[in-house]
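Right, one structure below, let's go through it.
The values are calculated or read from the model by the stated rules, or taken from the named source; none is laboratory data. Note that the structure is predicted; figures quoted are calculated from it, not measured. All Cβ positions, glycine included, derive from the backbone under ideal geometry; neighbour counts span all protein chains shown.
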Amino acid sequence: MRASFVLSEIGIGLRRNLTMTIAGVITVAISLAIFGAGLLAQRQVSAMKDFWYDKVEVSIYLCGEGSKGPNCNGSAVTPEQRTQLLEEVGANPLVEKVFYESQAQAYENFKKQFKDSDDLIQNVTPDALPESLRVKLKDPTKYEDLASAFIDSPGVEEIQDQKALLDPFFRVLNRLQLVAWVVAGIQILAAVLLIGNTIRVAAFSRRRETGIMRLVGASNLYIQLPFLLEGVLVGIVGAALAAAGLAALKAVLVDRLLQPMLKFTAFVGWGDVFAVIPWLFVLGVGLTGISSFFTLRRHLRV
Amino acid sequence: MIRLEHVSKTYPASARPALDDVTVDIEKGEFVFLVGSSGSGKSTFLRLLLKEEDPTGGRVHVAGKDLARLSHWKVPALRRSIGCVFQDFRLLPNKTVFQNVAFALEVIGKPQHQISKVVPEVLDLVGLEGKSKRMPDELSGGEQQRVAVARAFVNRPMILIADEPTGNLDPSTRVGIMKLLDRINRTGTTVVMATHDAAIVDSMRRRVVELSMGKVVRDQSRGVYGHGA
């Protein structure tokens with residue numbers, strides 16, 4: 001196999017077929033960029049989960065004076081109940097750590113949290129805030145297991161999972177990611193068909209050469225390789241453009257726009273972008289290679 | 001060198017067979033004219049030798065190989081042992097004479113130093129010395145056919161197949177091409193030539209196989225184009 005021969009054949013093929021080649025590159029680039037954005041969205045979700053799940057806790061509110069809860073009987077939790085609960089929760093294998101927040105501490109935290117709204121603070125007294133056990137779970141998704149274990153315990157009024165507040169947000173992100181993948185899938189289908197067609201036209205426009213190659217006994221590999229590499233080259237260039245697009249997305253949309261606006265959460269980093277980019281190349285080369293291969297099997301019979 | 005045993009070929013779209021129970025044996029070094037009217041099966045005969053088609057019946061042996069048992073990936077090796085020349089030359093218009101001939105070696109992976117040695121040799125052999133940098137459209141028909149012969153012969157095949165090689169040429173040029181094919185035959189290469197050209201067949205006095213409606217109706221050593229003699 002002589003590299004110079006194959007390279008010059010590829011060059012001839014791509015130039016003859018320039019408009020189709022450009023169309024192929026653009027379609028591949030767009031489809032891979034959307035696919036890559038889908039992957040980044042997935043990583044965004046996990047970045048946010050890491051960030052938030054580390055901070056969320058489960059609150060076990062204890063009965064106060066006049067509580068309506070079924071375990072309270074209208075009276076406040078007794079010190080014995082509280083001690084027993086603390087021990088039992090602390091011993092539960094799901095629990096990483098637990099601490100007790102008294103009404104006074106809850107009031108301090110409340111004042112800190114709403115320090116900008118004086119009228120709110122003035123309307124709340126320590127008595128209005130329930131005492132609670134603050135639980136940090138080893139696995140934040142295991143909330144249900146913990147809740148079912150303690151919801152009926154005496155002295156427990158209510159159990160609240162802070163994670164539940166985040167879930168709708170994650171659902172939206174997951175759906176966005178799904179949409180990105182459906183769009184990417186359709187685009188990739190278009191790209192595969194377009195590459196196939198590009199190769200078919202290339203094979204047709206060089207049928208004189210390939211006919212002679214067959215006659216003089218060139219091997220399949222020698223005849224088909226330039227076409228195959230043409231397709232793969234389109235895939236590589238498309239993937240490179242898609243990678244540049246993703247980097248631009250990260251630099252402009254995430255770093256310049258979202259990051260300064262939404263300081264309370266984590267975003268995908270450059271590490272995530274660089275982890276996604278190799279997959280764009282794998283997919284780009286794989287799809288164009290497969291598409292070219294099957295087109296050649298049909299249209300360049302030896 | 002070439003043996004067809006009871007070979008039949010029926011194309012899917014046609015009721016009448018293109019070849020019908022053809023048995024022909026061609027020895028190494030022979031020069032055989034394949035004659036017959038259009039549609040008599042000459043082209044099918046040649047296509048079978050190259051395994052461009054498979055017969056619907058019978059066996060084809062070429063250069064010691066049973067083509068029915070030749071696996072797909074060995075077909076290129078078969079074709080390297082057969083050179084081909086056509087009526088329409090089939091040169092690449094954007095390549096020079098040298099590049100056209102070299103192309104046949106490049107695509108079978110021959111190294112550059114060998115190409116630059118054997119291509120001028122074969123161009124000398126076919127009488128095109130000094131024209132290696134010309135483009136095909138700067139050459140006469142006869143010269144273009146010489147380039148095609150050079151390309152077919154540059155890899156020194158055991159068999160040369162020529163399908164109406166003189167069909168597009170004027171009478172004086174035809175003689176030159178036939179002399180060239182004769183010279184190639186004298187190097188020991190088996191030549192099978194399909195033709196309509198009575199004058200050439202008559203003057204060469206070589207073996208003649210005549211096909212009609214897909215059957216061999218005549219196989220005559222030192223024959224002529226028409227019937228009799």
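Just a few scattered comments:
- Flag for A:S153 being assigned to a helix (DSSP H, G or I), away from chain B (no Cβ under 14 Å) and among the polar types (S, T, N, Q): no
- Total residues in the range B:33-70 satisfying the condition of being part of a loop (DSSP other than H, G, I, E, B), small (G, A, S) and more than 16 Å from B:D20 (Cβ to Cβ): the figure is 3.
- When the criteria are applied in full, B:D25 meets the requirement of being closer than 29 Å to B:I200 by Cα and surrounded by fewer than 21 Cβ atoms within 10 Å (Cβ to Cβ).
- A:F227 modelled with pLDDT under 90 and closer than 30 Å to B:V107 by Cα: yes
- Of all the residues in the range B:48-69, those that are surrounded by 17 or more Cβ atoms within 10 Å (Cβ to Cβ) and either within 13 Å of chain A (Cβ to nearest Cβ) or within 24 Å of B:G167 (Cβ to Cβ) (or both) number 7.
- Within the range A:115-140, restricting attention to residues that are part of a loop (DSSP other than H, G, I, E, B) and aliphatic (A, V, I, L, M), the residue that is nearest to A:V89 (Cα to Cα) is A:L129.
- Among the residues of the range B:82-102, those that are at the interface with another protein chain (Cβ under 8 Å from one of its Cβ atoms) and part of a loop (DSSP other than H, G, I, E, B) comprise B:R90, B:L92.
- A:R208 being surrounded by fewer than 22 Cβ atoms within 10 Å (Cβ to Cβ), within 14 Å of another protein chain (Cβ to nearest Cβ) and among the basic types (K, R): yes
- Top-ranked residue in the range B:85-121 [being among the aliphatic types (A, V, I, L, M) and more than 20 Å from B:T166 (Cα to Cα); ranked as surrounded by the most Cβ atoms within 10 Å (Cβ to Cβ)]: B:A104
- Number of residues in the range B:157-203 that are within 15 Å of the chain's Cα centre (by Cα), crowded, with 20+ Cβ neighbours inside 10 Å, of a type in the set (D, E, K, R) and assigned to a helix (DSSP H, G or I): the value is 0.
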